[in-house]
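Comments concern the structure below.
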Amino acid sequence: MCGIIGVFGNPNAAKLAAIGMFAEQHRGQESCGMAVSDGHVIRLHKRMGLVKEVFTEQVLARLQGSIAIGHVRYPTTGSATEFNSQPHLLETLFGPSHALASNGDVVNYKSMRQKLEAQGVFFNSDNDAELLLRYIAWQIYQNGSSITEAIRMMMKDVKGAYSAVFMVRDALYMFRDPLNMRPMVWSRMEDGTTVVASESCALTTLGMHEFKEVPAAGIIRVNKQGITIVENDPNLYRPTKEVRHCIFEHVYFSRPDSHHFDENVYEVRQAIGAKLAAQDEGLEVDLVVPVPDSSNFIGQGYANYKGLPLALGLIRNHYVGRSFIKPSQRYRDESVRQKYNVLPNFFKGKKVVLVDDSIVRGTTIGKIVKLLREAGASEVHLRIGSPQVKHSCYFGIDTPDESVLVANRLSIPEITEASSADSLKHISIEELRECVRLPDHYCYACFDGQYPLEVES
Ligand code: AMP
């Protein structure tokens, strides 16, 4: 999973992009990068690390120009190296220069790369965003296509999820896959600056409060002449009739103050909490405790439904980051231990409903139940805001191999016992569908294995 940003028409484009990327830091903490055009040259800066560490005042001062694209990376395909970080830049001294950053995953990467390599195209990384860039550039050079045509050709051939920003020296493009899987919204400032971002929280941070979606299979060009929206018929490029947004964006990944796919993320989470509570008519407890931060609104929905206090009894160290992303199980175990503490003298004798958004490998939840038990909780009932994760995601969420997903190794009673909880319930797919306005417009493949596109092995 990753976050993208694009800025057009502002002398402080790099600074605005950095602010937007910082707001999207939750979408990727491994590396970050930015490409900035001053109309003549595109300058690129990318490093491993967080936005505030990489984009210091001195670095931003060197990135002069009025067009910028930026990216925060959370590796899904391609290793966690600077090589694979984004944006990717293709530079020619006297010809056009192109840069691209994308959020999502390509599912026919291998065959597409082979196709391009057979045409003499070279690759510098094993990152699928480079494939998008090379494909578009190849169409432009080889076949003399316009940029818009080249992107359209790419959409026909390259399958997967991508919400992407593309730049040349004098224009910014934004485009999105025909299934519209990853979020992407854009807006304009009062002074005419155009900004596109993965999540609206980045736009809000920059002072914009009304957003538009980039249409499925749509291409938007922004240049000195203005904004051109090319609405392609997405049905020409996809096997399903409808779009397939990622439901996990609402469950877990996006910030709760974001708005996309025509939903406020926090409201979907509250609805999930209410559904979980509705299953528990007979359950008598004292408190509802969410696992911060991603489950706060699910916990709130549960507590409101049952008229129970929402207790912020778990404290999260925000400097640990997302423990899930750590490279090995030992690191994940350690970071969960360092990440959460309980309030002292708070849980003794209390019956608790503990709410989390998901169980994936099973690293987190058992450790948290243990913390609550050690703190004296007399009962701990686990309620999970997603169905059991049983299938890998190939569209941009880093769900691990199916063999390490705990739902494929242990039954619900076994997970309950292994985590020393008194009970465990998940929301069902049917109930989750009832939490969004257009349930048929979502992908639930990590729960039901129904992938919207064929995935190349
Ligand atoms: P696990 O500990 O492996 O069961 O993972 C579940 C925990 O990780 C939950 O508390 C989620 O908040 C978080 N999580 C779930 N999916 C992801 C993901 N794809 N990337 C990062 N964190 C995740």
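Values in this text are rule-based calculations from the coordinates and carry no lab data. Keep in mind that what you see is a predicted model, and the values were worked out from it rather than measured. With ideal geometry, Cβ positions are generated from the backbone for all residues, glycine too; neighbour counts draw on all protein chains shown.
What translational D, rounded to a whole number of µm²/s, comes out for segment 116-187 from Stokes-Einstein when the hydrodynamic radius is the Kirkwood one over Cα pairs, at 37 °C and 0.692 mPa s? Reported coefficient: 253 µm²/s. In straight-distance terms, cross-link reach from Lys390 covers every one of the lysines whose alpha-carbon lies under 22 Å from its own, apart from those fewer than eight places away in the same chain; here that gives Lys275, Lys326, Lys367, Lys425. Cα-based radius of gyration for segment 2-52, normalised by 2.2 N^0.38 Å, reads 1.12.
Equivalent ellipsoid of segment 338-404: semi-axes from √(5λ) of the C-alpha gyration tensor, largest first, are 29, 12, 9 Å.
Ranked by the mean number of other Cβ atoms within 10 Å of their residues, highest first, the peptides 436-446, 288-298 come out as 288-298, 436-446.
In this simple spin-label approximation, Lys351 and Thr240 carry label points 7 Å from Cα along the Cα→Cβ vector, and these lie 4.1 nm apart.
Restricting the calculation to Cα atoms, segment 366-457 shows an Rg/Rh of 1.04 when the hydrodynamic-style radius is the Kirkwood one.
Within the shell defined by Cβ-Cβ distances under 15 Å, the residues around Arg134 carry a net charge of -3, with Lys and Arg each +1 and Asp and Glu each -1. For Lys52, the lysines whose Cα falls under 18 Å of its own Cα, not counting residues fewer than eight places away in the same chain, are Lys15. Here Lys241 is the anchor, and the lysines within straight C-alpha reach of less than 17 Å, apart from those fewer than 8 places off in the same chain, are Lys156, Lys159. About its Cα centre, the dipole of the chain is roughly 820 debye, where the only charges are +1 on Lys and Arg Cβ and -1 on Asp and Glu Cβ.
Remark: segment 76-165 projects, on average over all directions, an area of 5.6 nm² (convex hull of Cα atoms). Compactness check for segment 208-280: Cα Rg over 2.2 N^0.38 Å is 1.48.
Before rounding to the nearest 500, sum -39500 (n - 2.57) across all DSSP H runs of length at least 4 in the chain and divide by the residue total; then give [θ] at 222 nm in deg cm²/dmol.
On the way: 15 runs with 132 residues, N = 457.
That comes out to -8000 deg cm²/dmol.
Global size of segment 49-198: 15.4, 48 Å for Rg and Dmax (C-alpha atoms, Rg to one decimal, Dmax whole).
Take every pair of alpha-carbon atoms less than 8 Å apart whose residues are at least six positions apart; their mean separation over the length of segment 264-448 yields a relative contact order of 21 percent.
What Kirkwood hydrodynamic radius do you get for segment 300-439 when you take the inverse of the mean 1/r over all pairs of distinct Cα atoms, in Å? All intermediate terms of the calculation are to be shown ahead of the outcome.
Details: mean 1/r = 0.0616 Å⁻¹.
Its Kirkwood hydrodynamic radius stands at 16.2 Å.
Per-residue packing, averaged as other Cβ atoms within 10 Å, sorts the ranges 231-242, 196-207, 37-48 into the order 196-207, 37-48, 231-242, beginning with the highest. With the convex hull of the Cα atoms taken as the outline of segment 283-322, the averaged projected area works out to 3.0 nm².
May I ask for the percentage of alpha-carbon pairs in the chain that lie more than 31 Å from each other? The proportion of pairs with Cα distances above 31 Å equals 41 percent. The alpha carbon convex hull volume per residue for segment 143-246 rounds to 104 Å³.
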